[in-house]
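Taking it in order: structure first as structure tokens, then the write-up.
All of the numbers you see were taken from the coordinates with simple rules; none came from a lab. Owing to the predicted nature of the structure, the values given are computational and were not obtained by experimental measurement. Counting neighbours? That spans all protein chains shown, and the Cβs are built from the backbone with ideal geometry, glycine included.
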Amino acid sequence: MEFSSAVPIYVQLAEDLRRRILSGELGPGEKVMSTTEYAATYRINPATANKAFSLLVEEGILEKRRGIGMFVTAGAQAALRERGRATYLSDTLAPALAAGRALGLSPAEISALVSTYWEENQ
């Protein structure tokens, strides 16, 4: 993992863990690396890894088990998918639909374009 200087490292770590959970690489109840392991692996301050974990605990994605470590919560993947769908709608789909409307495309034409694109790019 390479870090971008434009985004805080803890945010990038949290996003990487979210991506791994969404993809199924990390499943419900699975233990994640400790802050010390993250610090050693990515050559970062342990406090930075801890900040990423704290963010994900607040979101209900990870849970801390005292003396054992951090684990993926049972509903983490579903919660991330739901949040991703809402973000996709507002950030990606809504502007695309507005652009299509501005071009004079009907809902049926937009739907046909999306279906065609989907089939061609699977």
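In table form, for the structure just shown:
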{"quantity": "Answer label for volume of the Cα convex hull per residue in Å³ (calculated), chosen among (1) 128; (2) 141; (3) 108", "calculated": "(2)"}
{"quantity": "Relative contact order (percent, whole number), the chain, Cα cutoff 8 Å, 6+ residue spacing", "calculated": "22 percent"}
{"quantity": "Cα pair distances in segment 9-74, grouped into 10 Å bins until the bin that holds the longest one, percent each", "calculated": "23, 60, 17"}
{"quantity": "Charge-dipole axis of segment 77-120 as Lys and Arg at +1 and Asp and Glu at -1 on Cβ define it, positive-most pick from 104, 90, 118", "calculated": "90"}
{"quantity": "Theoretical gain in end-to-end length, residue 88 to residue 59 [0.36 nm per residue, Cα-Cα removed]", "calculated": "8.6 nm"}
{"quantity": "Max mean-square fluctuation residue, GNM over the chain, Cα-Cα springs under 10 Å, options 93, 22, 80", "calculated": "93"}
{"quantity": "Angle between the chain longest axis and helix 76-88 axis [Cα atoms, degrees, rounded to 10]", "calculated": "40 degrees"}
